[in-house]
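> Here it is: the structure, laid out below.
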Amino acid sequence: MTSKNFALITAMTQAELTQKVNEHLAKGWHLQGETRVAYEPGTPWYLMQAMVADGTTDISPDSPQHGSVPEWYYVVVLAGQSNAMSYGEGMPLPDSYDAPHPRIKQRSGPSQHSDSRW
């Protein structure tokens with residue numbers, strides 16, 4: 001079974017997007033779809049390009065390095081467990097995924113549970 005790796009490249013200028021896309025193309029990534037322009041209220045527009053690679057492609061991230069703990073997390077919704085919302089529980093993202101955009105803030109962090117069931 002083969003796997004696919006997906007990346008969303010974002011940049012504020014066309015030159016920055018071109019540089020980032022060319023770096024991924026040199027590593028064996030392929031363009032997926034066309035370049036999109038996005039914006040958020042109160043922020044300038046930015047460019048996005050989706051990219052895809054086969055599982056055998058070198059996808060080593062610039063940061064964090066392998067073996068380190070990432071600073072971003074999956075947020076796991078626990079139905080009926082409203083007390084878990086105050087803890088901001090989440091699971092670390094795999095190193096092969098892109099980190100969320102710096103303007104996106106996430107409340108979750110490493111688990112603070114000492115219970116062995118977690």
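None of the figures in this text is laboratory data; all of them are computed from the coordinates on show. Worth saying up front: this structure is predicted, and the values here are computed from it rather than measured. Glycine also receives a Cβ, built like all others from the backbone with ideal geometry; neighbour counts cover every protein chain displayed.
> Obtain the radius of gyration and the Kirkwood radius of the range 1-56 from its C-alpha atoms and give Rg over Rh.
Using Cα coordinates only, the ratio equals 1.05.
> Applying 1/(1 + (r/R0)^6) with R0 = 22 Å to the Cβ-Cβ distance of ALA15 and GLU40, what FRET efficiency is obtained, to the nearest 0.05?
0.55
> Hey, can you rank 49-55, 12-18, 35-41 by average C-beta count inside 10 Å, highest first?
Ranking, from highest mean packing down: 49-55, 12-18, 35-41.
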